[in-house]
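Before any comments, here is the structure.
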Protein chains: 2
Amino acid sequence: MISPIPQTVSLCLSGERFRIVYRLGGSRGEAQARANDICLEQTVEFPEELVPSGPIRDEVVGRVESLEPITEKAFRAVISFPIEVVGDDLSQLLNVVLGNISLKPAIRAEKLDLPESILQQFRGPRFGRKGLRERTGVVHRPLLSTALKPMGLAPADLAELAYRFALGGVDLIKDDHGLTNQTFCRFEERVDRCAEAVARANRQTGLKCAYLPNVTATPVEMLRRARYAKSAGAGGLLICPGLTGLDAMRAVADDDQVSLPIVAHPAFQGSFVVRPDEGFSHPLLFGQLARLAGADATIFPNFGGRFSFTREECCEIAAATEAPLGTLHPIFPAPAGGLTLARVPEVQQVFGREMVILVGGGLFKHGPDLVENCRVFRKLAEQF
Amino acid sequence: MISPIPQTVSLCLSGERFRIVYRLGGSRGEAQARANDICLEQTVEFPEELVPSGPIRDEVVGRVESLEPITEKAFRAVISFPIEVVGDDLSQLLNVVLGNISLKPAIRAEKLDLPESILQQFRGPRFGRKGLRERTGVVHRPLLSTALKPMGLAPADLAELAYRFALGGVDLIKDDHGLTNQTFCRFEERVDRCAEAVARANRQTGLKCAYLPNVTATPVEMLRRARYAKSAGAGGLLICPGLTGLDAMRAVADDDQVSLPIVAHPAFQGSFVVRPDEGFSHPLLFGQLARLAGADATIFPNFGGRFSFTREECCEIAAATEAPLGTLHPIFPAPAGGLTLARVPEVQQVFGREMVILVGGGLFKHGPDLVENCRVFRKLAEQF
């Protein structure tokens, strides 16, 4: 057949490739077919027999570097792609990793292996573990965090909560991720009042507690809110990258006018990990991708809470927050979701000192005096 | 127990509520527990016993309006929330629909029932079916679409492809969604050349073919590219809202300087629908949400192609593109993914005239003369 493709300009690539590890379901034959399919679907998206010979067929199309059994019905494939297909943004990297193939069953992206040439396009976390420790003045122990809630409280009452938490020695006080700009709790008033309340508590305690408003919104508005928060004295930001897009979070992280630590919240990202054979592995989504997208701490549902992550998955996330990733800073894992003070020692045993412990509702449950509850929380962390 | 919650400001809500239909797995007892959990998790995210009495407990917390069996192991729950919790953006609506509960198994959001008070916050599709027909001059038949590919071709060669497609009578020529701003195919050069090639063909044919570049990118850059495309003569835009976030697509749709039809591509959205008991229903994601986010046509993998959607799921999407949704325009369903010309009559039988038929690789396969292939494609559509 005569090729219907006009090709007058020859393609010149560097030859450098990056690798993605996939988990593929099925027999060896089925897994091999899925691997071959990924090579085409994620690049040329073209019938194999029509792909022009030369560099498009030999280099642009993905290449199955290896295929090894995990179980009898699942294989691990390493597939490489030329670095040039990623272009210049995170969106297109994500598209190569899991764009069209998200629509096909039994394919899970497990891990990225990116060369320096791609990694240097990403600024990554602006602060990371070291920067967050410097800003909060916490040298050795885990950072303590809690959330302003429940939704329905007015800014004045949330500010009173923030004041009590800060007085009790919590390090990072974040908005609950459902607080945005509701009529009963306007963003600006909330941020003004809560930032002031935390600053007032800090003057009394001499501590460096930070207030982190939730700026999750449509991208332009998110950047505006982030800059507002900075000017109002917020010490960091909460963003749900599942709702905004990872690249939108990255834009806030990269903004020099904002220049605040970012805590990433997992809302709306569950569909990517809720099944073990599709979407992303936990450490890829909440570890590698969160870092590439500029988060300084990554919240995920802890094992044994009201969500469904296993202890092993949580530990894999924690490992990915500090695994080498070019020159990108390690970030804090932030296990959360139904934690109580009683579970703090266990959580510390599992994750060690290098984390943010996020106790939300559980901090209210311990007793009627919130300041005292926070002091108990802090003592538990200091004893570790 | 004394409540630890300070509440000095009383909450005043309108009393108006919106409804979300969920499919919940498990026995009746389990489904009821999941429904109750959604009510708390998606609003106050607080231990039930600590939720303050009064309007927060009575109104902010979701309310299970009904729970009916679908099968022995699945129930349909209608849950209502006060309109005020949605705040002022699509992100927070998505957060209420499937934020934290995306992290829990056996919960699928099936449908939104939004009152006028929420719908009027959304401009929705700027053109819709009627506007797209006006711009392309296609009165009765389905609109014909194809894609510029394979990745690896230079702008000059993609422009030559675009020219042949336009000469053959295709209505909408889109970039393949993997074309962004790669070194071998820079965005500006591609858009300049392809828009010029399509304009040249239009002058020869007297037709109104539109070129739709892919502007998927980090949000600010996406808006810049969309405006550039407009000034270069593009007739529409391709956006992957899974990669950019739905709200970022909406921002482009709402931008008066851009003012171009938007075709939404499903890349990276598969994890939300790939399992029948989690994430979103097909019509909610590719129908209702695509419209709320401003798409004028919504691409989805057709049944019987190389993806896994069923015929029923595809028909549900098509129905949702025209179901009443306030004053928002109906949009075109755009079945795609491995379609061949041989299947065009069958696709038309199923979806009728009100659609965009997207044949990509299949258009290259029909024979070596692309212009002739397009004429066959067009004749098939005109015969219907």
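The values are calculated or read from the model by the stated rules, or taken from the named source; none is laboratory data. It should be emphasised that the depicted structure is a prediction, and the values quoted were computed from it without experimental measurement. Neighbour counts run over all protein chains shown; Cβ positions are idealised from the backbone, glycine included.
For the structure I just gave you, tell me whether A:SER66 is hydroxyl-bearing (Ser, Thr, Tyr) and under 15 Å from A:VAL97 (Cβ atoms).
No, not satisfied.
Identify the single condition in (1) modelled with pLDDT under 95; (2) touching a Lys or Arg at 6+ places or on another chain (Cβ under 8 Å) that A:GLY305 does not satisfy, given that it satisfies every other one.
(2)
Of the conditions (1) surrounded by fewer than 24 Cβ atoms within 10 Å (Cβ to Cβ); (2) within 11 Å of chain B (Cβ to nearest Cβ); (3) at pLDDT 95 or above, A:MET249 clears all except one; give me its number.
Every condition holds for A:MET249 apart from (1).
Looking only at residues in the stretch B:171-208 that are in contact (Cβ under 8 Å) with a residue 60 or more places away in the chain and within 14 Å of chain A (Cβ to nearest Cβ), which one is farthest from A:PHE81 (Cα to Cα)?
Among residues in the stretch B:171-208 that are in contact (Cβ under 8 Å) with a residue 60 or more places away in the chain and within 14 Å of chain A (Cβ to nearest Cβ), the one farthest from A:PHE81 (Cα to Cα) is B:LYS174.
Select, from B:GLY361, B:GLY338, the only residue that is of a type outside the set (S, T, N, Q), within 13 Å of another protein chain (Cβ to nearest Cβ) and farther than 14 Å from B:SER145 by Cβ.
B:GLY338
Residues of the stretch A:171-189 being part of a loop (DSSP other than H, G, I, E, B) and either closer than 14 Å to A:ALA159 by Cβ or out of contact with any His (no Cβ under 6 Å at 6 or more places or on another chain) (or both), which ones?
Scanning the stretch A:171-189 gives A:ASP171, A:ASP176, A:GLY178, A:LEU179, A:THR180, A:ASN181, A:THR183, A:PHE184, A:ARG186.
For the stretch B:101-117, give me the residue count where each residue is buried (at least 18 other Cβ atoms within 10 Å of the Cβ) and more than 17 Å from B:SER281 (Cα to Cα).
0
When the stretch A:77-105 is examined, which residues are found to be at the interface with chain B (Cβ under 7 Å from one of its Cβ atoms), under 18 Å from A:PHE122 (Cβ atoms) and in contact with a strand residue (DSSP E or B) (Cβ under 6 Å, 6 or more places away or on another chain)?
Answer for the stretch A:77-105, where residues must be at the interface with chain B (Cβ under 7 Å from one of its Cβ atoms), under 18 Å from A:PHE122 (Cβ atoms) and in contact with a strand residue (DSSP E or B) (Cβ under 6 Å, 6 or more places away or on another chain): A:GLU84, A:GLY87, A:LEU98.
Can you find a residue in the stretch B:279-296 that is touching a Gly at 6+ places or on another chain (Cβ under 9 Å), facing chain A (nearest Cβ under 10 Å) and among the acidic types (Asp, Glu)?
No, the stretch B:279-296 has no match at all.
Checking the structure you have, find out if any residue of the stretch B:321-340 is part of a helix (DSSP H, G or I), in contact (Cβ under 8 Å) with a residue 24 or more places away in the chain and hydrophobic (A, V, I, L, M, F, W, C).
Checking the stretch B:321-340: not a single residue is part of a helix (DSSP H, G or I), in contact (Cβ under 8 Å) with a residue 24 or more places away in the chain and hydrophobic (A, V, I, L, M, F, W, C).
Which of the numbered conditions does A:PRO276 fail, given that it passes all the others? Conditions: (1) in contact (Cβ under 8 Å) with a residue 60 or more places away in the chain; (2) assigned to a helix (DSSP H, G or I); (3) within 13 Å of another protein chain (Cβ to nearest Cβ).
Status for A:PRO276: all satisfied but (2).
Taking the criterion of being of a type in the set (S, T, N, Q), buried (at least 18 other Cβ atoms within 10 Å of the Cβ), at pLDDT 95 or above and in contact with an Asp or Glu (Cβ under 7 Å, 6 or more places away or on another chain), would at least one residue in the stretch A:287-295 satisfy it?
Looking for residues that are of a type in the set (S, T, N, Q), buried (at least 18 other Cβ atoms within 10 Å of the Cβ), at pLDDT 95 or above and in contact with an Asp or Glu (Cβ under 7 Å, 6 or more places away or on another chain), one finds none in the stretch A:287-295, hence no.
Can you name every residue in the stretch A:52-65 that is of a type in the set (Gly, Ala, Ser) and either outside the structural domain of A:ILE83 (by TED's automatic domain parsing) or surrounded by 13 or more Cβ atoms within 10 Å (Cβ to Cβ) (or both)?
Result: A:GLY54, A:GLY62.
Which of the residues spanning the stretch A:14-68 are within 11 Å of chain B (Cβ to nearest Cβ) and among the acidic types (Asp, Glu)?
A:ASP37, A:GLU41, A:GLU45, A:GLU48, A:GLU49, A:ASP58, A:GLU59
For A:GLN348, which of the numbered conditions (1) buried (at least 23 other Cβ atoms within 10 Å of the Cβ); (2) in contact with a strand residue (DSSP E or B) (Cβ under 8 Å, 6 or more places away or on another chain) fails to hold?
(1) is the only condition that A:GLN348 fails.
Among A:GLU354, A:GLU312, which is assigned to a loop (DSSP other than H, G, I, E, B) and surrounded by fewer than 19 Cβ atoms within 10 Å (Cβ to Cβ)?
Just a single option satisfies the conditions, and that option is A:GLU354.
Can you go through B:ARG108, B:ARG123 and tell me which one is closer than 17 Å to B:ARG291 by Cβ and within 14 Å of another protein chain (Cβ to nearest Cβ)?
Within the list B:ARG108, B:ARG123, the selection yields B:ARG123.
Can you tell me which residues in the stretch A:155-170 are part of a helix (DSSP H, G or I) and of a type in the set (A, V, I, L, M, F, W, C)?
A:ALA156, A:LEU158, A:ALA159, A:LEU161, A:ALA162, A:PHE165, A:ALA166, A:LEU167
Would you confirm whether or not the stretch A:190-206 contains a residue that is at pLDDT 95 or above, surrounded by fewer than 24 Cβ atoms within 10 Å (Cβ to Cβ) and part of a loop (DSSP other than H, G, I, E, B)?
Within the stretch A:190-206, one or more residues are at pLDDT 95 or above, surrounded by fewer than 24 Cβ atoms within 10 Å (Cβ to Cβ) and part of a loop (DSSP other than H, G, I, E, B).
Please determine whether any residue of the stretch B:137-154 is surrounded by 24 or more Cβ atoms within 10 Å (Cβ to Cβ), in a loop (DSSP other than H, G, I, E, B) and under 18 Å from the mean Cα position of the chain (by Cα).
There is no residue in the stretch B:137-154 that is surrounded by 24 or more Cβ atoms within 10 Å (Cβ to Cβ), in a loop (DSSP other than H, G, I, E, B) and under 18 Å from the mean Cα position of the chain (by Cα).
Given the options B:LEU94, B:LEU90, B:LEU98, B:LEU40, name the one that is crowded, with 22+ Cβ neighbours inside 10 Å and closer than 20 Å to A:GLY338 by Cβ.
Answer to the check: B:LEU98.
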